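Peer 1: This structure is in C-alpha cells; I'll ask about it shortly.
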C-alpha cells in the first residue's frame, strides 16, 4: 500500500484508503463525474472518477474503506488522483488506526495528564462541575477531533488541544498571579468539549445536525448550565465558566455571542487562538521545504509563510 504522503506525480497507485467525502459533479460537456477525497493516517488526497460505473456511489460512500487503483497527476500545481477503479473493503478486515491520523502524543499519556489537571483543581465547586461534565462525555472527549480540516483535525484532537492550552494557562497564571488559575484551567478543559456533539467523530469527520444548527459554543454553554443545576451549584462559579465558553472565540465575527469580560475569559480566548494558529502553521510548514513558502492559508488572511533554511 502506498501512503498518501508518498504519492507523487505520475505514480500508478494501488492501495486501501478511507473515503472522507464524495461529491457528484457535472462537467462543462454535461458528463457526470465524482470528486472523492481519500485519506489514510498520513493525510488526504483529492480524487476524480471520470467514468462512473453502476454501484460507485455505494462503493465510495463516506466512511467506507476502498481498495483503489489510480494515476497521480498534478493539476494547477495540486496533486490529485485519477481514480480508475475501486472495491469496498469488508469492515471486518479494516483497522481504522491505518486511516485516521493520531494525536502527536500517545492517548494514555494524554489521559494521565487530563486526570492530573482534574485532581489539581482546588476550588470545590469547579472541581465537582468540571469533573462531572468530563465524566459524562469522557469516551468522546478522549477520541474526538477538534475540527473537520483546520486545527487539531486528528483523533484525540479536542483532548490534545485542550491539554496544550492548559499547559500554556498554567505558565500564564504563574506569570500573572491575579488570574484565577482554577477557573482558567477549567475553561481550557471544557472550552471545546461541545465539539464532541458538534462533530460526527474521528472517522470521515463532518458536522452533525446539532452542530450545524447550534455550534459547539452554544452546546457547551447549555451543558454547563444543565449540569450546574443538576448538581445544585449556583452563583458566580457556573456563570463565570459559562461566560468563558461563550466568549472564547474573542468576537462575534468569529462565532462568540459575547466579548470576553473577565481576565480569565480574555486569557482563555488568547490562549485558544495562539494554540490553534500554531497548530495550523505547523501543519502548513510540515510539508514545506526549507527556503520555500507555504500555500496561502485562509485562517491567516490568505498569507503564505516562509520556512527558514535554518529551521
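Peer 1: Using a Förster distance of 35 Å, how high is the FRET efficiency between residue 52 and residue 278, based on the Cβ-Cβ distance and rounded to 0.05? The partial results should precede the final answer.
Peer 2: On the way: r = 42 Å, r/R0 = 1.20.
About 0.25, to the nearest 0.05.
Peer 1: Could you tell me what percent of the DSSP beta bridges with both partners in the chain are antiparallel, to the nearest 5? Provide the component values of the computation, followed by the final result.
Peer 2: On the way: 35 of 38 bridges.
Of those bridges, close to 90 percent are antiparallel.
Peer 1: Now a separate question. May I ask for the equivalent-ellipsoid semi-axes of segment 77-134, computed as the square root of five times each C-alpha gyration tensor eigenvalue and listed largest first in whole Å? Could you put the intermediate results ahead of the total?
Peer 2: Numbers: eigenvalues 366, 47, 27 Å².
Equivalent ellipsoid of segment 77-134: 43, 15, 12 Å, largest first.
Peer 1: Can you give the extra length, in nm with one decimal, that the chain gains between residue 88 and residue 119 once fully stretched, where that is 0.36 nm per residue apart less the Cα-Cα distance?
Peer 2: Details: separation 31, 0.36 × 31 = 11.16 nm, distance 4.60 nm.
Between residue 88 and residue 119, full extension yields 6.6 nm more.
Peer 1: For the pair residue 42/residue 171, report the inter-label distance in nm, with labels modelled 7 Å from Cα in the Cβ direction.
Peer 2: 3.2
Peer 1: Using r as the Cβ-Cβ distance of residue 28 and residue 61, and R0 as 25 Å, what FRET efficiency do you calculate, to the nearest 0.05?
Peer 2: Numbers: r = 27 Å, r/R0 = 1.07.
For R0 = 25 Å, the calculated efficiency reads 0.40.
Peer 1: I'd like the distance between the alpha-carbon centres of segment 61-118 and segment 240-311, rounded to an integer number of Å.
Peer 2: The two parts, judged by their Cα centres, are 25 Å apart.
Peer 1: In addition: Taking the chain as the reference, fit the longest principal axis to its C-alpha atoms, fit the long axis of helix 236-247 to the helix C-alpha atoms, and give the angle between the two in degrees, 0 to 90, nearest 10.
Peer 2: For helix 236-247, the angle is close to 30 degrees.
Peer 1: Assuming R0 = 30 Å, can you tell me the calculated FRET efficiency for the pair residue 239 and residue 299, based on Cβ-Cβ distance, to the nearest 0.05? List each step's numbers first, then the result.
Peer 2: On the way: r = 31 Å, r/R0 = 1.03.
The pair residue 239/residue 299 has a calculated efficiency of 0.45.
Peer 1: Nearest 10 degrees, 0 to 90: what angle lies between the long axis of helix 107-120 and the longest principal axis of the chain (Cα atoms)?
Peer 2: Relative to the chain, helix 107-120 is tipped by roughly 10 degrees.
Peer 1: With the radius of gyration and the Kirkwood radius both derived from the Cα set of segment 62-209, what is their ratio Rg to Rh?
Peer 2: Reported Rg/Rh, Kirkwood definition of Rh: 1.11.
Peer 1: Can I ask one more? Over the chain, what relative contact order in percent results from Cα pairs under 8 Å that are six or more residues apart? Each step should come with its number before you reach the end.
Peer 2: Details: 552 pairs, mean separation 35.9, N = 311.
This gives 12 percent for the chain.
Peer 1: Mind jotting down a quarter of the surface of the convex hull over the alpha carbons of segment 4-97, in square nanometres, one decimal? Kindly include the intermediate steps, with their values, before the conclusion.
Peer 2: Details: hull surface 24.3 nm².
Hull-based average projected area comes out at 6.1 nm².
Peer 1: Still on this structure, please answer the following. If you average 1/r over all unlike Cα pairs in segment 164-204 and invert the result, what Kirkwood radius do you get in angstrom?
Peer 2: Values: mean 1/r = 0.0870 Å⁻¹.
It works out to 11.5 Å.
Peer 1: When the chain is fully extended, how far beyond the present Cα-Cα distance does residue 111 get from residue 230, taking 0.36 nm per residue of separation? Provide the component values of the computation, followed by the final result.
Peer 2: Details: separation 119, 0.36 × 119 = 42.84 nm, distance 2.60 nm.
This chain segment gains 40.2 nm when fully extended.
Peer 1: What angle do you read, to the nearest 10 degrees and between 0 and 90, between the alpha-carbon axis of helix 157-175 and the longest principal axis of the chain?
Peer 2: Taking Cα atoms only, the helix is inclined about 40 degrees.
Peer 1: Cα extents of segment 233-311 along the three principal axes, largest first, in whole Å?
Peer 2: Taking max minus min along each principal axis of the Cα atoms, segment 233-311 gives 55, 23, 17 Å.
Peer 1: For residue 289 paired with residue 206, estimate the spin-label separation in nm (one decimal), with each label point 7 Å from Cα along the Cα-to-Cβ line.
Peer 2: Reported label-point gap for residue 289 and residue 206 is 3.8 nm.
Peer 1: In the chain, if every C-alpha pair distance is counted and binned at 20 Å from zero, what percent goes to each bin?
Peer 2: 29, 52, 19, 0
Peer 1: Using only helices, what value at 222 nm comes out for the chain when you add -39,500 (n - 2.57) per DSSP H run of length 4 or more and divide by the total residues, to the nearest 500 deg cm²/dmol? Can you show the working numbers first?
Peer 2: Details: 10 runs with 129 residues, N = 311.
Only helices count here, giving -13000 deg cm²/dmol.
Peer 1: Okay, next question. So what is the relative contact order for segment 13-85, in percent, with contacts set as C-alpha pairs under 8 Å and at least six apart? Mind dumping the intermediate values first?
Peer 2: On the way: 150 pairs, mean separation 25.1, N = 73.
This gives 34 percent for segment 13-85.
Peer 1: Okay, moving on. What is the list of residues in segment 1-43 whose amide nitrogen lies under 20 Å from a point 7 angstrom out from the Cα of residue 76, following Cα to Cβ?
Peer 2: 9-10, 21-38
Peer 1: If you take all C-alpha pairs in segment 100-284, what percent of them are over 29 Å apart?
Peer 2: Values: 2145 of 17020 pairs.
Taking all Cα-Cα pairs of segment 100-284, the fraction more than 29 Å apart is 13 percent.
Laboratory data are not the source of any read-out in this text; all were calculated from the coordinates shown. Since the structure is predicted, the reported quantities are computational estimates derived from the model, not experimental observations. Reconstructed Cβ throughout: ideal geometry from the backbone, glycine too, with neighbour counts over all protein chains shown.
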